[in-house]
Amino acid sequence: MLQTADAGQTEDGALVRRAQAGDAEAFGLLVERYMRRAYFAALALVSRREDALDLSQEAFARAFLARRSIDPERPFYAWLYQILRRLCFNFLRDRRTRARTLEAAGTWLADEAAERFRSDPADALARREAQRRVAAAMEALPAREREVLALKEFESLTYREIASLVGIPVGTVMSRLYSARRRLADALEEP
């Protein structure tokens, strides 16, 4: 797997060099490669699909304008993620609002519980209610905890990878994950 990551980074580096030389198509290939990942990373932070799409597109627009500052030897997505992360946190701070749903998180956490409710309409209603509760619990998490939880659970990153992307020590990643999981468990306990 490390070889695959290294090969992808090498290929990204070549695309970055081409983009820096003025090849817009090369940058377009980077957008195609990472747009979905950037969108879901933004969605985990801001919760609303429209906002996540706007922010991920804005991150790529800013990356394009700053493409000459990209180090082709470093992972492109890590650099892009820093732009995206700043945009998302600024968005949350400026709007002083949290979005109403986090459908991806609701689906992710409710899937196991929903397995037993697949057969009839009452079960479907219970499944939707479970998804709503999970989305509300995720939405209630502090943004920094929601961020590390999403990177761990949605992107399956290691503690070290999360620490590198977010720019915090591994211990802080572990602490935020513990706190996020504890808050979720408390919020999802049966009344």
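Every number here is computed from the coordinates shown, using simple stated rules; none is lab data. These numbers were taken from a predicted model, which means no experiment stands behind them. With ideal geometry, Cβ positions are generated from the backbone for all residues, glycine too; neighbour counts draw on all protein chains shown.
Restricting the GluC sites (Glu not before Pro) of segment 145-191 to loop positions (DSSP other than H, G, I, E, B) with no more than 12 neighbouring Cβ atoms within 10 Å leaves Glu189.
Ordered by the number of other Cβ atoms lying within 10 Å of each residue's own Cβ, fewest first, Val148, Val173, Val31 fall into the sequence Val31, Val173, Val148.
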